[in-house]
Each structure stands twice: as structure tokens, then as C-alpha cells.
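Before any comments, here is the structure.
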Amino acid sequence: MGCSYADDKKVSECRAEEYQYLIGESIENVNNMDFESKVRIIKPNMMVDMRFISTRLNIRVDDDGKIIKIFCG
């Protein structure tokens, strides 16, 4: 669950691999983007529920609002 194989390439349900180019960018750059799945922005020291939702795109930012990680869950 969470990934499928198409043409021998691992593809996540939330399509996180398609957004890796945003790492290092400001979170402000994604505010007007349209995403195919639900998106959760995770800020430093922010409490989040631990439910894994394979179709949800998580974007983790640092104290300066720079994107440091993009993953499903």
C-alpha cells in the first residue's frame, strides 16, 4: 500500500516524487499551486496526528519557511 509500480518506477500515491524540486524553496512559492492530493504543511515544533494517509502530501518546512522535506503520509 502507498506505492505502485509503473514501468519499473516506484510511484507514490501522493506523488511526492513529482514535487522534490521544491526542496530548498520558500513555502510561499507553493501557496498558489494546485495539488492533486490533500496537502499538509508541517512547521517546526508543530503537533501533527500520526495517522498515515497514503494520498496526503506532507511538506515540512524549517524556521525560515524553507521546504526541507516532501513525503506521503
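Derivation of every value follows stated rules applied to the coordinates shown; laboratory data play no part. What you see is a predicted model; the values in this text were computed from it and never measured. For neighbour counting, all protein chains shown are included, and Cβ atoms are generated from backbone atoms with ideal geometry for every residue, glycine included.
Quick notes on this structure:
- 3J(HN,Hα) couplings calculated from phi for the stretch 57-73 with the Karplus curve 6.51 cos²θ - 1.76 cosθ + 1.60 (θ = phi - 60°) are, in sequence order, 8, 9, 10, 9, 10, 8, 4, 8, x, 8, 6, 10, 7, 10, 7, 8, x Hz; Gly and Pro show x.
- Amide H contacts of Lys69: Arg60, each under 5 Å away and 5 or more positions distant or on a separate chain (H built 1.01 Å from N in the peptide plane; Pro and chain starts excluded).
- Dipole magnitude of the stretch 24-72 about its Cα centre (Cβ charges: Lys, Arg +1; Asp, Glu -1), debye to nearest 20: 280
- Computed over the stretch 13-73: relative contact order in percent, which uses C-alpha pairs under 8 Å that are six or more apart: 43
- Whole-number D in µm² s⁻¹ for the stretch 30-73, Kirkwood Cα-pair radius fed into Stokes-Einstein, 20 °C, 1.002 mPa s: 194
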